[in-house]
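Input: a single structure, listed below in structure tokens.
The values are calculated or read from the model by the stated rules, or taken from the named source; none is laboratory data. Quick caveat: nothing in here was measured; it's all calculated off a predicted structure. FYI the Cβ positions are ideal-geometry reconstructions off the backbone, even for glycines, and counts take in every protein chain you see. Surface areas here come from the heavy atoms of the whole protein model, side chains and all, with no ligands, DNA or RNA. Shrake-Rupley method; radii C 1.70, N 1.55, O 1.52, S 1.80 Å.
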Amino acid sequence: QVQLVESGGGLVQAGGSLRLSCAASGRTFSTYTMAWFRQAPGKEREFVAYISSSGFTTYYTDSVKGRFTISRDNAKNTVYLQMNSLKPEDTAVYYCSGRPGGLRTTPGAYDYWGQGTQVTVSS
């Protein structure tokens, strides 16, 4: 069993930056693919980025490429999402997720989820 706790959300002006963190419990974190998803009001949960267990492979949805960076520190059982040049359309609840397997972009493929952290970008 893995428990995930996100932090770092908040209110920021357009063009600003935030760094989200996701702290994981459990000894198997280093073997998990980790991902960030987001969900805006009235919309479905959408994929943002994933990172392989080793950290060598990352992948981003087109709308955040060049602005967001996912990373992980397996020694600290933590995954991060650095978000730069934020836009109002990035406003959403951001969720950290994990799965003990390969790289996937669909929410249903992930077994473990955090409670979410709100990111609000004002124009």
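Taken over region 2-26, the criterion of being at negative phi and in a loop (DSSP other than H, G, I, E, B) is satisfied by Val2, Gln3, Gly9, Ala14, Gly16, Ser17, Ser25. Restricting the search to strands (runs of 3 or more DSSP E) fully inside region 27-115 and requiring at least 2 residues that are more than 19 Å from Gly10 (Cβ to Cβ) gives 33-39, 46-51, 58-60, 68-73, 92-99. For region 90-113: of the residues being open to solvent by less than 10 Å² (accessible area, probe 1.4 Å) and among the small types (Gly, Ala, Ser), which is farthest from Tyr32 (Cα to Cα)? Ranking the qualifying residues of region 90-113, first place goes to Ala92.
Here's the yes/no breakdown for (1) modelled with pLDDT of 95 or more; (2) of a type in the set (S, T, N, Q); (3) over 23 Å from Gln3 (Cβ atoms):
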site	(1), (2), (3)
Gly16	yes, no, yes
Arg38	yes, no, no
Arg45	yes, no, no
Ser53	yes, yes, no
Tyr110	yes, no, no
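Whether a residue is open to solvent by less than 50 Å² (accessible area, probe 1.4 Å) and among the small types (Gly, Ala, Ser) was assessed, and Ser63 does not pass this test.
Taking the conditions (1) surrounded by fewer than 16 Cβ atoms within 10 Å (Cβ to Cβ); (2) under 19 Å from Glu6 (Cα atoms); (3) modelled with pLDDT of 95 or more; (4) not aliphatic (A, V, I, L, M) in turn, Thr28 satisfies each one other than (3).
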